[in-house]
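Encoded as structure tokens, the structure appears first; notes follow it.
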Amino acid sequence: MDDRIGQYMENINPMRPLARVVQITSNEFLMTFNSSQAASGWVGETTTRPETARNTLSLISVTPYELYAMPKATQTFIDDSAFDVDAFLNEEILKEFARQEGAAFVTGDGIMKPRDFLDHASAAVSTDDATRAFGKLLYIATGVSGGPTADSLLSVVYKLKAEYRSNAH
């Protein structure tokens, strides 16, 4: 059933394929994250190699929340042999899970459900990747009233670190 739910969620919820989905067995997910950039340098073949800057590791803690369904059905509805009640209820629950998860990606407030990506807007700053503090999102003003232009969208692409550009959505 878990595989079916995952496949269904990915087919219906357009945000899920973009998300990192991790199976966990505890009440917390801890992820080590490199919050600085590794350093390197060029030297000649026989030149002494000085030590380079080391990485700064940060720990991100994610608290999972449980999405559930407990549909009510009458005994008459359950006993109806002309109708596959189990399949019907499973399908309806899958649709509802996909709707709830999709909404949480965009409008989740973090109260007994995930915190959405838009909720992090208060942490947005306009400093570049190299100088922006860990955990802050990049905010790029379009400079155009009424919405972005093609030039402002291209500037968003080239503000990203080169390593993220090919996979950006």
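The values are calculated or read from the model by the stated rules, or taken from the named source; none is laboratory data. Small disclaimer: the values here were computed from a predicted structure and weren't measured. Please note: Cβ atoms are built from the backbone with ideal geometry, for glycine as well, and neighbour counts cover all protein chains shown. Please note that ligands, DNA and RNA were not included when accessible areas were found on the heavy atoms of the full protein model with its side chains. Shrake-Rupley method; radii C 1.70, N 1.55, O 1.52, S 1.80 Å.
Quick rundown of the values:
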quantity: Any hit, the stretch 138-153, residues being open to solvent by 80 Å² or more (accessible area, probe 1.4 Å) and either within 26 Å of residue 34 (Cα to Cα) or under 23 Å from the mean Cα position of the chain (by Cα) (or both); calculated: yes
quantity: Test: residue in the stretch 63-77 that is open to solvent by less than 100 Å² (accessible area, probe 1.4 Å), in a helix (DSSP H, G or I) and either in contact with a Gly (Cβ under 9 Å, 6 or more places away or on another chain) or not hydroxyl-bearing (Ser, Thr, Tyr) (or both); calculated: yes
quantity: Residues of the stretch 30-55 classified as of a type in the set (S, T, N, Q), outside any loop (DSSP other than H, G, I, E, B) and open to solvent by 70 Å² or more (accessible area, probe 1.4 Å), total; calculated: 1
quantity: Filter result for residue 19 (surrounded by 10 or more Cβ atoms within 10 Å (Cβ to Cβ) and more than 24 Å from the chain's Cα centre (by Cα)); calculated: no
quantity: Long-range neighbours under 8 Å by Cβ, at least six apart or interchain, first residue closer than 17 Å to residue 58 by Cβ and of a type in the set (A, V, I, L, M) within the stretch 14-36, second assigned to a helix (DSSP H, G or I) and at pLDDT 80 or above; calculated: none
quantity: In the stretch 1-11, residue modelled with the highest pLDDT [restricted to those that are loosely packed, with under 10 Cβ neighbours inside 10 Å and part of a helix (DSSP H, G or I)]; calculated: 3
quantity: Scan of the stretch 12-29 for residues that are in contact with a helix residue (DSSP H, G or I) (Cβ under 8 Å, 6 or more places away or on another chain) and either farther than 20 Å from residue 113 by Cβ or assigned to a helix (DSSP H, G or I) (or both), ordered by number; calculated: 12, 16, 17
quantity: Pairs, first acidic (Asp, Glu) in the stretch 83-100, second modelled with pLDDT of 85 or more, C-beta under 7 Å, six or more apart; calculated: 96/69
quantity: Given (1) surrounded by 12 or more Cβ atoms within 10 Å (Cβ to Cβ); (2) at pLDDT 80 or above, index of the condition residue 109 fails; calculated: (1)
